[in-house]
Amino acid sequence: MLKRKIRESGHGVLTAALVAVICIAITFFYLTSYYKIGDIYQNETEAIVVDLKKAFLKSTIDNLFYEIDLDRRLEDQRYNEIVECRYDLLSHQEYADEKEFGQSLTAKFHSDFQEGDDYWSVLLWNNKSGGVLYDPRELLVQDIETTLESLQPDLAHYRIITYGDLSCLFGISRRDIEEIVKEEIGRRVRQTRFDNDSYLWINEIINYEGGKNYAIRLIHPNLPETEGMYLSTDIKDIKGNLYFLTELEGIKKHGELFNQYYFKELNSHRISEKISYVKLYKDYNWVIGMGMPLNEMDEYIAQVNAKSRAMTAKNAFSLLLALILIVAFCLLLILLVQRWRFRRAKERLESEMHIDPITSAGNRRYGVKSLMRAFGRFKTDGNSPAILMFDLDHFKEINDNWGHDVGDRILQEITAIVCGTIRSTDHLIRWGGDEFVGIIYGMREENAGAFAQKIREAISSLKVAAGSGEISPTVSIGISYLKKDDEDYSSALKRADQAMYMAKMEGRNRVCILP
């Protein structure tokens, strides 16, 4: 009897030990699997974040390249129109004699120079005597004939007006138009702000062979005191990496480059790893880049992991007292939860990349995708949505006079008005700055004008508090549609942009349609 009890007791101990071993093994397996899954989750999350950062960097730089090209075209067109308009005015003006003709032209251009528009090339001379009567930029070389031969090829737009023995050449050079564009782009880059200490910068390459003083830093919003500083390819970061040399080699080989390096954080002595994207704007020899830190997700991932592992440790103690099936069930459940959390995190990150942070409208990346989808649908069923492009009239003056906070509030109010007018199946995209693009499905061309007028009137009736008064913003709207011979959506977008520009030229606060 005693032996039987001892034997049963031994079996119980063995069974308990076996169950304990099984539970411990399952718990160990669970913990090991969990940590491996956690590592995979962390690595995948970091990879997704890096890919999204790269896409954002490239999209931002590509947008800036598009803006530079657009500004160059618009400035060239604007000065061509100014030259032609001024020529028409001066040609049809009546003068008493040659003296009044010369005095009138001299006073007109002298006024321009005093008001800061000093890009004009002006030369007034007497054809009979060959004498120069007005030459504010000292253009004369030897004689009038030689001067005209050397000057005219450099002028982008010019006109010559003659009255009696007097002639006047006025115009603007290609170089001066490019300087105007460069100044505007520089101002825009300096005013652009991003989250997480991200910023744009511009360097100008002087010597593509590299070495000392191979480039000059033109624009660096976070370190304005370094603007004008010469750069060398032998400069190293804190880790000893020759990042300027790597950048130059990538630019020479591919015209663009993603690069990772170590840099001191703004207003801090901490060194952090950053990822940058640079691209060469060949016409200006500009290397335009943007960088952002890689470590801002580390704390978030560490917190998530710490909480998850603490919860797992508590569950592991309970699993020691549970049956194998319950342990297996819990393991399966946790694996499913991890996959769900991974999908949610991925969807959340991708969703945030499509939203403009100021207006909550779609951002340009989202807009490009939406326009591509609209073009694909158009090629399938032949039904084009209305493509609207509009921006605020005199938005720069609002920002200059009242500050960017008021400007941002106006953008938010306008976004709310437009979103309240369109349907949930339509799209509103902040294309850049104060420029928006709308994709309106099912809108017939004969109704598009009235629809846009409704939006314009709603915006013009808006009252936004600014200081002690109010601002009533207005917008100029251009409308276009996709055509069968369009190769992609950009053709319709350009037409909408041209229509918007027509609205601007006709006095702003208008709607123009360019089919």
- Residue check for Y163: touching a Ser or Thr at 6+ places or on another chain (Cβ under 6 Å) and either at pLDDT below 90 or among the aromatic types (F, W, Y) (or both): no
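So that you can scan it fast, the table gives a plain yes or no per residue for (1) over 19 Å from N383 (Cβ atoms); (2) in contact (Cβ under 8 Å) with a residue 40 or more places away in the chain; (3) outside any helix (DSSP H, G or I):
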residue	(1), (2), (3)
G442	no, yes, yes
N447	no, no, no
A450	yes, no, no
K454	yes, no, no
I459	yes, yes, no
P473	yes, yes, yes
I477	yes, yes, yes
- Task: With respect to E487, determine if the residue is among the charged types (D, E, K, R), over 28 Å from L70 (Cα atoms) and either assigned by TED's automatic domain parsing to the domain that holds F390 or at pLDDT below 95 (or both).
- Result: no
- Query: Going by the structure shown, is S129 assigned to a helix (DSSP H, G or I), surrounded by fewer than 17 Cβ atoms within 10 Å (Cβ to Cβ), of a type in the set (G, A, S) and without any contact (Cβ under 8 Å) to a residue 60 or more places away in the chain?
  - Reply: no
- Within segment 350-395, residues surrounded by fewer than 13 Cβ atoms within 10 Å (Cβ to Cβ) and within 30 Å of S472 (Cβ to Cβ) come out as P357
- Residues E84, E8: which one is part of a helix (DSSP H, G or I) and at pLDDT 80 or above? E84
- Item | Residues of segment 132-147 satisfying the condition of being without any contact (Cβ under 8 Å) to a residue 24 or more places away in the chain and either crowded, with 17+ Cβ neighbours inside 10 Å or outside the structural domain of E100 (by TED's automatic domain parsing) (or both) | I144
- Kindly provide the set of residues from segment 277-292 that are part of a helix (DSSP H, G or I) and either over 18 Å from I216 (Cβ atoms) or out of contact with any strand residue (DSSP E or B) (no Cβ under 8 Å at 6 or more places or on another chain) (or both), ordered by number. K282, D283
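The values are calculated or read from the model by the stated rules, or taken from the named source; none is laboratory data. Quick caveat: nothing in here was measured; it's all calculated off a predicted structure. Cβ sites come from the backbone with ideal geometry, for glycine too, and all protein chains shown count toward neighbours.
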